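Asker: One structure follows; several queries about it will come next.
We did not get these values from a lab; they are worked out from the coordinates using the rules stated. If you're wondering where the values come from, they're calculated on a predicted model, not measured in any experiment. Please note: Cβ atoms are built from the backbone with ideal geometry, for glycine as well, and neighbour counts cover all protein chains shown.
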Amino acid sequence: MKRTLLFVIVLSVVLFSCKKESVLNTETASTQSINSLQTNNHTARPGTGTGGDSAVVPNITAVTLLAGGNTDAGTVTVTNDANYIYVTYNTTNGYTLASTKLYAGSVFSIPLNQAGNPQMGHFPYSAGHSHITSYTYQIPVSVIGNGNCGAVAAFAELNGGGSAWGNGIQMNGDHGNNAMYIPFCVQY
């Protein structure tokens, strides 16, 4: 019963959080400030449309990188262009990256064990790092698809111990872990 309710909630959030494509006149877009294009947790920026008189505004999502579930360790930014989804980890407050693991795709395909906890060893993207403060993954748009919504689960091991997740929707709130995914809609 709990899993069914969780499924319905997650599906509702993903379906209703998707942002439809916006087209702006380039003359208008060039005079608007980035701040006026902000809505909710998404910041839109003028793109480089191919129509000459219009620019597409791709989706940008920036969330806090949470160490231990509640400590600000930096940000995770997700955006896309016509070909790639870019996921950038930026650490602050003295934190640095030791390793990162990343999943992008359908919320229903996040690698989970039977208890509903993420299996980061099965995340398709991972990298080891040596005390760096920024790292970007470039992922084909096709993992979610243009105009579609999905999930980005951004995990980091931090130097000095500890781990962090990009702030989003809890994967398994019943067990008190800090695993989260970020809803993201591909738009270009």
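Asker: Of a type in the set (Ser, Thr, Tyr), in contact with an Asp or Glu (Cβ under 6 Å, 6 or more places away or on another chain) and outside any loop (DSSP other than H, G, I, E, B): does that describe SER99?
Answerer: yes
Asker: On to the next question. I need the full set of residues from segment 104-122 which are crowded, with 18+ Cβ neighbours inside 10 Å and within 15 Å of ALA164 (Cα to Cα), in order please.
Answerer: Result: PRO118, MET120.
Residues checked against (1) surrounded by fewer than 19 Cβ atoms within 10 Å (Cβ to Cβ); (2) not β-branched (Val, Ile, Thr):
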| site | (1), (2) |
| --- | --- |
| SER130 | yes, yes |
| TYR135 | yes, yes |
| PHE155 | no, yes |
| LEU158 | no, yes |
| ALA164 | no, yes |
| ILE182 | no, no |
| VAL186 | no, no |
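Asker: On to the next question. Hey, among the residues in segment 85-103 that are surrounded by fewer than 20 Cβ atoms within 10 Å (Cβ to Cβ) and farther than 17 Å from SER126 by Cα, which one's farthest from the chain's Cα centre (by Cα)?
Answerer: By that ranking, first place goes to GLY94.
Asker: Can you tell me which of (1) in contact with a strand residue (DSSP E or B) (Cβ under 6 Å, 6 or more places away or on another chain); (2) exposed (fewer than 14 other Cβ atoms within 10 Å of the Cβ) is the one ALA82 doesn't meet?
Answerer: Among (1) in contact with a strand residue (DSSP E or B) (Cβ under 6 Å, 6 or more places away or on another chain); (2) exposed (fewer than 14 other Cβ atoms within 10 Å of the Cβ), ALA82 violates only (1).
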